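Trainee: Quick one: structure below, then a few questions.
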Amino acid sequence: MLESVGFRLFQLIGLPVSHTAFVQFRVIDDALETDPADQFGGDFWGLYLAVEQLDRRFLQEHGLADGNLYKMEGGTGEPNNIGPLGPADSSDLAGFLGEYSSGTGLTETGWRSRLDLDRYYSYQAIVQAIHHYDIADGKNYFYHRDPGTGRWTVLPWDLDLTWADNMYREGVKGGDEPFKSRVLSNFGSNPVFPALNRDFRNCVREIRDLLWYEDEAYRLIDEIALRVRGTNLFSVIDADRARWGYNPIMSNGRLVDRSKAGQGLCYKFSPYPTVSKTFAGAAQLMKRYVTYRASNRGFSFDTLSADPAIPSRPVLFYTGPEDYPVQAIGLRRDGYSGSAPLRSVKWRVGEITRTNHPAWQPDRPMPYEIESVWESGELGPGSETVTVPIGVLQVGRLYRARVRVTDTEGRTSSWSAPVEFTAGAIPQADALREFLRFTEVMYNPPPEGFEFLELHNAHPTEELALGGLRFGDGIDYTFPHGSRLVPGAHGVVIRSTNTPALLAHQRLDASTFIFGP
């Protein structure tokens, strides 16, 4: 759970990191699958987490350039991939290490050109969220160099020692690696690079608003727990605990490090008497940790993103019809308040779901708000209202809309409290008026009788029901019940009873919907 949720958090904030999967592991070494006399024997070896290795296939899977990829350990790195452009001698890594380790180090311009700062800010934010402090000796992360841009990206690895304050180097050194001190001045109040620290605080504020809070982070923990546990009374979790909880081998000091493992330790420890010592209790502890790291730590999200000079949090209002039809989601913000003038406004919509919402699909990964389905980009200060574009939202899905402002100093506000809604269907009459188009009228073709009217459904995602519609004077035709046009489709209303001949003569596409006579 710790690693799988951790890697998923890194993915949700946009980092190209390892996929994970839960797997049963079995060792077949006997004719019998199970040992009826011994629950500690048999083929079943337990439940394990498979973690995607960082190599060339990883780069392809996650859309990264085929560049050099180094597993960092003790301040240096071993290549897991050497790209076709090299260099093959790791001199690129040596040069980068020398650049940032020298007495003068890199300038702000140098950092912007050499390090993927946007990804680094997100990386360091989640490092602090889950207490991934086992990186302080220059290990448990990778460096990837894009051969086209020459910029380096930090990629996380080995997240087992997380979600608890039991890792060494708390305080200023918490979550330290080469860039926390050099780029972010260890989150100090007088940073060497004020603009970079401002951008980092903006990033932390966004992750706090859209992901690292009780609703979204709790749902993520529940989603991963459901994958492991399932819905049955007993599951593979129980089998794993029975296999290893009191296995005699766990008390064998020659085979087991007794300082790290032993008998009866599955879910044994809980600092809260109200939390059960079970798998469900373990998930509950992770939820408590979300709140704890959000606002109750020296390096909490709230303290990392704090800046008294940021603009006031805007208020968002919904201005569309009460049924939230997908073509008329109108939004309005309140007036601006800040210590510096308003520079830009950004609007966004993200999809969410809950297990009690009709849109929830158990076999579909849950969507999370931070994965936007639409963003406006940075609009000018005069952007006070907006309508979500047609084709962005799907009927029946659950969404949250928000707005954020940025001042002329580059400081972003918190995202507004959300407007949450389930997208409704376009009223049929409105849909027909807006999206049913006449695109061609063939009124005098040779030979006579091959006349047709061509229709087009211009809606990008919704089909149009035509049943019952009829033409007025001049064309005697009523669309029968069940007539429809799927999104983007064309259809023709014809006079001829010889449809194949009409299609051949007019060279109409075979996918064209035919109506009449």
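Trainee: Among the residues of the range 131-158 satisfying the criterion of being hydroxyl-bearing (S, T, Y) and part of a loop (DSSP other than H, G, I, E, B), which is farthest from L12 (Cα to Cα)?
Mentor: My answer is T149.
Trainee: Another question about this same structure. Name the one entry in A328, A306, A282 that is of a type in the set (G, A, S) and surrounded by fewer than 16 Cβ atoms within 10 Å (Cβ to Cβ).
Mentor: Residue meeting the stated conditions: A306.
Quick grid of which residues meet (1) modelled with pLDDT under 95; (2) surrounded by 14 or more Cβ atoms within 10 Å (Cβ to Cβ); (3) not β-branched (V, I, T):
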residue	(1), (2), (3)
R333	no, yes, yes
K346	no, yes, yes
G350	no, yes, yes
R354	yes, no, yes
P362	yes, no, yes
V373	no, yes, no
G391	yes, yes, yes
R404	no, yes, yes
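Trainee: Look at L97 and say whether it is out of contact with any Phe, Trp or Tyr (no Cβ under 6 Å at 6 or more places or on another chain) and surrounded by 11 or more Cβ atoms within 10 Å (Cβ to Cβ).
Mentor: Here the answer is yes, as L97 does meet what is asked.
Trainee: Is it true that S181 is over 24 Å from M286 (Cβ atoms), touching a helix residue (DSSP H, G or I) at 6+ places or on another chain (Cβ under 9 Å) and free of Cβ contacts under 8 Å to residues at least 40 places away in the same chain?
Mentor: Taking the combined requirement at face value, the residue satisfies it.
Trainee: Shifting gears a bit: Take the residues in the range 130-169 that are in contact with a Gly (Cβ under 7 Å, 6 or more places away or on another chain) and basic (K, R), then tell me which one is surrounded by the fewest Cβ atoms within 10 Å (Cβ to Cβ).
Mentor: The selected residue is K139.
Trainee: Could you identify the single residue in R348, R313, R332 that is out of contact with any helix residue (DSSP H, G or I) (no Cβ under 8 Å at 6 or more places or on another chain) and more than 25 Å from L211 (Cβ to Cβ)?
Mentor: Within the list R348, R313, R332, the selection yields R332.
Trainee: Continuing with the same structure: Restricting attention to the range 378-401, does a residue exist that is over 23 Å from A328 (Cβ atoms), under 17 Å from the mean Cα position of the chain (by Cα) and in contact (Cβ under 8 Å) with a residue 60 or more places away in the chain?
Mentor: Within the range 378-401, not a single residue is over 23 Å from A328 (Cβ atoms), under 17 Å from the mean Cα position of the chain (by Cα) and in contact (Cβ under 8 Å) with a residue 60 or more places away in the chain.
Trainee: Would you confirm whether any residue within the range 46-60 is at pLDDT 95 or above, within 25 Å of G148 (Cβ to Cβ), touching a helix residue (DSSP H, G or I) at 6+ places or on another chain (Cβ under 7 Å) and surrounded by fewer than 15 Cβ atoms within 10 Å (Cβ to Cβ)?
Mentor: There is no residue in the range 46-60 that is at pLDDT 95 or above, within 25 Å of G148 (Cβ to Cβ), touching a helix residue (DSSP H, G or I) at 6+ places or on another chain (Cβ under 7 Å) and surrounded by fewer than 15 Cβ atoms within 10 Å (Cβ to Cβ).
Trainee: Still on this structure: Checking the condition touching a Lys or Arg at 6+ places or on another chain (Cβ under 7 Å), surrounded by 14 or more Cβ atoms within 10 Å (Cβ to Cβ) and not in a strand (DSSP E or B), which residue from S383, S416 passes?
Mentor: Among S383, S416, only S416 is touching a Lys or Arg at 6+ places or on another chain (Cβ under 7 Å), surrounded by 14 or more Cβ atoms within 10 Å (Cβ to Cβ) and not in a strand (DSSP E or B).
Trainee: From the list F58, F44, which one is in contact (Cβ under 8 Å) with a residue 40 or more places away in the chain and over 29 Å from the mean Cα position of the chain (by Cα)?
Mentor: That would be F44, the only listed residue that is in contact (Cβ under 8 Å) with a residue 40 or more places away in the chain and over 29 Å from the mean Cα position of the chain (by Cα).
Residues checked against (1) in a loop (DSSP other than H, G, I, E, B); (2) out of contact with any strand residue (DSSP E or B) (no Cβ under 7 Å at 6 or more places or on another chain):
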position: V395; (1), (2): yes, no
position: R402; (1), (2): no, no
position: F421; (1), (2): no, no
position: R437; (1), (2): no, no
position: H459; (1), (2): yes, yes
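Trainee: Mind checking which residues of the range 469-487 are surrounded by 13 or more Cβ atoms within 10 Å (Cβ to Cβ), of a type outside the set (A, V, I, L, M, F, W, C) and outside any strand (DSSP E or B)?
Mentor: Within the range 469-487, Y477, S483, P487 meet the criteria.
Trainee: Considering only residues that are of a type in the set (K, R) and closer than 19 Å to S189 by Cβ, which ones fall in the range 282-305?
Mentor: Listed by number, the list holds a single entry, R297.
Trainee: Within the range 426-468, take every residue that is surrounded by fewer than 14 Cβ atoms within 10 Å (Cβ to Cβ) and among the aliphatic types (A, V, I, L, M) and give me the one that is nearest to F513 (Cα to Cα).
Mentor: V441
Trainee: What do you reckon, is R348 over 28 Å from D407 (Cβ atoms) and under 23 Å from the mean Cα position of the chain (by Cα)?
Mentor: It is false that R348 is over 28 Å from D407 (Cβ atoms) and under 23 Å from the mean Cα position of the chain (by Cα).
The values are calculated or read from the model by the stated rules, or taken from the named source; none is laboratory data. Because the structure is predicted, anything quoted here is derived from the model rather than measured. Ideal geometry is used to build each Cβ from the backbone, glycine not excepted, and the neighbour counts take in all protein chains shown.
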